[in-house]
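Worksheet: one structure, shown below.
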Amino acid sequence: MAHRLTVIGTGYLGATHAACMADLGFEVLGVDVDEERIARLAAGELPFYEPGLEPMLRKGVESRRLRFTSSYPEAAEFGDVHFLCVGTPQKAGEYAADLSAVDGAIGTLAPLLRRPCLVVGKSTVPVGTAERLAETLARTAPTGGDAVLVWNPEFLREGFAVHDTLRPDRIVAGLPPDQGAADHAEKALREIYRTMIAAGTPFITCDYPTAELVKVAANAFLATKISFINAMAEVCEAARADVTKLSQALAHDDRIGGRFLGPGLGFGGGCLPKDIRAFMARAGELGADQALTFLREVDEINIRRRIRMVDLARQLLGGSFAGRTVGVLGAAFKPDSDDVRDSPALDVAASIRAQGAKVTVYDPKAMPNARRAQPSLEYGESALTAAENAHVVLLLTEWPEFRDMDPSALAEVVAERNIVDGRNTLDPERWRAAGWNYRALGRP
Ligand code: UDX
């Protein structure tokens with residue numbers, strides 16, 4: 001069996017996949033056009049924060065099972081299986097996904113493929129992309145029909161990337177239409193993932209477009225669930241009801257379930273927002289836009305939470321941010337991540353700053369990324385420094401260290417004891433007992 005894998009694209013998905021595959025015993029070559037990133041990874045240094053990943057990367061590098069290169073010819077020569085893990089960000093000013101990295105990677109790799117191999121697409125792409133890439137491979141790879149494409153979407157969450165890679169909920173394999181190629185590809189993929197399959201992970205085979213759709217449908221569902229509970233929060237605010245109790249009560253119905261039913265500032269990050277937008281754009285191209293108009297609402301409900309947070313903070317300050325000081329706890333789009341892409345926390349902080357307040361932000365891991373993304377904000381070295389002289393403190397990312405904060409210690413440093421819990425994570429009784437005016441989204 002083929003044991004030599006390449007992983008093309010060493011961002012979040014690729015770096016995790018490469019380290020995990022090396023940990024499973026494969027020889028892995030990570031490939032990226034970014035030389036600086038390659039140098040850092042080759043030195044065992046992870047360019048982003050992800051619990052548990054750096055030790056695994058280092059172990060792989062030290063064992064020499066995991067190496068990195070920026071050379072596509074080297075990758076083509078080395079790999080029996082090539083995993084495609086490059087990013088598909090949102091196009092500037094449009095909903096559609098930018099596929100230039102995917103097209104660039106296949107365009108460079110294909111003409112170098114001189115021996116039989118499997119190309120495994122893991123990037124999140126608009127439905128129809130795999131079929132197009134398979135045609136490119138067939139047309140331009142010297143090995144021709146012996147370079148077989150499989151579509152194998154990845155469902156990992158930041159903060160749980162290692163766990164989700166090694167213990168996925170399911171493995172989806174979108175296979176080529178040709179039966180012989182499909183049988184060969186399925187066999188190879190089952191072999192690579194054999195430890196996971198042996199541990200009981202469902203292995204689902206289907207065609208290319210279904211595999212591509214499983215990924216975006218899953219993200220659309222998750223985003224919808226979050227926006228559903230945040231829409232209920234809007235109604236709760238109007239009706240003076242408590243959305244956290246509502247959510248708890250709904251969760252007992254196991255047809256609904258409690259996961260992703262956490263009301264608060266809503267979703268952000270590098271996946272859910274851009275994936276639902278790209279999904280709408282692609283459905284439009286296919287003439288099926290009506291099927292997804294509800295996702296526009298899901299997106300809007302999500303953005304309205306950020307506006308509501310800013311309004312609530314302004315209201316607590318008597319109607320204006322001018323000359324006021326705001327302490328912001330959290331910059332990452334969620335805890336256990338240093339990712340600030342489309343972060344609700346940073347978005348709210350920047351909007352308040354633009355309305356005239358002095359805003360000081362603290363985040364346990366995301367400070368360097370936050371400084372780069374929003375240089376006009378002030379940054380504190382701890383929660384206490386960020387809250388110094390604040391007229392209102394906003395908790396915008398639910399890091400455990402914020403949840404466990406001592407309300408009396410924080411009370412010592414602020415100018416006024418106003419706190420808005422944007423993630424419904426603090427215990428209101430505890431904060432009120434310490435003299436705080438505690439407010440939260442969706443609660444009276
Ligand atoms: C998501 C999907 O979960 C994952 O399967 C896919 O592969 C990539 O996109 P990720 O972006 O890492 O993963 O984060 P996730 O844990 O899904 O959280 C997304 C956002 O939703 C965060 O901003 C989080 O704060 C928010 N969220 C999550 C809520 O607002 N409420 C919830 O109940 C859950």
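Rounded to the nearest Hz, the phi-derived 3J(HN,Hα) couplings of the stretch 239-255 under the Karplus curve 6.51 cos²θ - 1.76 cosθ + 1.60 (θ = phi - 60°) are 9, 6, 9, 10, 5, 5, 5, 4, 5, 4, 5, 4, 4, 5, 7, 6, 6, where x marks glycine and proline.
Using Cα atoms only, what is the angle between the long axis of helix 179-192 and the major principal axis of the chain, expressed in degrees (0 to 90) to the nearest 10? So the inclination is approximately 60 degrees.
For the stretch 192-321, the normalised intensity computed at q = 0.11, 0.13, 0.14 Å⁻¹ comes to -0.54, -0.71, -0.79 (log10 of I(q)/I(0), Debye sum over alpha carbons, equal scatterers, no solvent).
Sequentially through the stretch 215-226, phi angles give Karplus couplings (6.51, -1.76, 1.60; θ = phi - 60°) of 5, 6, 5, 4, 5, 5, 5, 4, 5, 5, 5, 5 Hz, Gly and Pro residues having no value and appearing as x. The long axis of helix 272-285 is offset from the longest Cα principal axis of the chain by roughly 60 degrees.
With the simple spin-label model, which puts each label point 7 Å out from Cα in the Cβ direction, the Ser376 to Arg132 separation comes to 3.7 nm.
Starting from the Kirkwood Rh over alpha-carbon pairs, what translational D in µm² s⁻¹ does the stretch 127-180 have by Stokes-Einstein at 4 °C and 1.567 mPa s? It comes out at roughly 99 µm²/s. By the Stokes-Einstein formula, at 0.692 mPa s and 37 °C, the chain with its Kirkwood radius over alpha-carbon pairs has D equal to 141 µm²/s.
Normalising the average separation of contacting C-alpha pairs (under 8 angstrom, six or more residues apart) by the number of residues puts the relative contact order of the chain at 12 percent. Largest GNM mean-square fluctuation among Ala291, Ala97, Ala278, using the chain with Cα springs under 10 Å: Ala291. Where only DSSP H runs of four or more residues are counted, the chain gives -14000 deg cm²/dmol as its mean residue ellipticity at 222 nm, each run worth -39500 (n - 2.57). For the stretch 4-201, the relative contact order comes to 18 percent (Cα pairs under 8 Å, sequence separation of at least 6). Residues whose amide H comes within less than 5 Å of that of Phe83, counting only those at least five positions distant or on another chain, are Thr6, Val7, Ile8, Val120 (H built at 1.01 Å from N in the peptide plane). From the square roots a ≥ b ≥ c of the eigenvalues of the alpha-carbon gyration tensor of the stretch 4-201, which class results: rounded (a/c under 1.5), prolate (a/b over b/c), or oblate? In terms of gyration-tensor shape, rounded.
Here is the P(r) of the stretch 291-357: all C-alpha pair distances, binned every 5 Å from 0, give 4, 16, 23, 20, 17, 12, 6, 2, 1, 0 in whole percents.
Distance from the Cα centroid of the stretch 292-362 to that of the stretch 376-433 is 15 Å (rounded to whole angstrom). Near the amide H of Thr205, within less than 5 Å, lie the amide hydrogens of Ala173, all on another chain or at least 5 residues away, with H placed in the peptide plane. Structure remark: mean-square fluctuation, Gaussian network model of the chain, C-alpha springs under 10 Å; the largest value among Asp275, Asp404, Asp336 belongs to Asp404.
When the chain is described by a simple charge dipole with +1 on each Lys and Arg Cβ and -1 on each Asp and Glu Cβ, the residue from Pro273, Ala198, His184 located farthest towards its positive end is Pro273. For the stretch 125-180, the set of trypsin sites (Lys or Arg not before Pro) satisfying both a DSSP loop assignment and a count of at most 15 other C-beta atoms within 10 Å is given as Arg157, Arg170. The loop-placed trypsin sites (Lys or Arg not before Pro) in the stretch 181-255, going by DSSP, that have at most 15 neighbouring Cβ atoms within 10 Å of their Cβ come out as Arg240, Arg255. Amide hydrogen proximity for Gly380: with H placed 1.01 Å from N in the peptide plane, the residues at 5 or more positions away or on another chain lying under 5 Å are Val361, Tyr362. More than 21 angstrom separation, counting every C-alpha pair in the stretch 172-240; what % is that? Of all Cα-Cα pairs in the stretch 172-240, 50 percent lie more than 21 Å apart.
Note down the nm distance, to one decimal, between modelled labels 7 Å out along Cα→Cβ at Ile204 and at His252. With each label placed 7 Å out from Cα toward Cβ, I get 3.1 nm. When the trypsin sites (Lys or Arg not before Pro) in the stretch 1-103 are filtered for DSSP coil states and for at most 16 other beta-carbon atoms within 10 Å of their beta-carbon, the remaining sites are Arg64, Lys91. With the charge dipole of the chain set up from +1 on Lys and Arg Cβ and -1 on Asp and Glu Cβ about the Cα centre, the Cα lying farthest toward the positive end among the listed residues Leu113, Thr69, Gly318 is that of Gly318.
Against the chain, whose longest principal axis comes from its Cα atoms, helix 344-354 is set at around 50 degrees.
Sequence-ordered 3J(HN,Hα) estimates for the stretch 167-174 from the Karplus curve with 6.51, -1.76 and 1.60 and θ = phi - 60° stand at 10, x, 5, 7, 10, 10, 10, x Hz, glycine and proline given as x.
The numbers here are math on the coordinates, done by the rules we state, and not lab data. The structure presented is a predicted model; accordingly, all values stated were derived computationally and were not measured. When we count neighbours, we look across all protein chains shown, and the Cβ atoms used for this are built from the backbone with ideal geometry, even at glycine.
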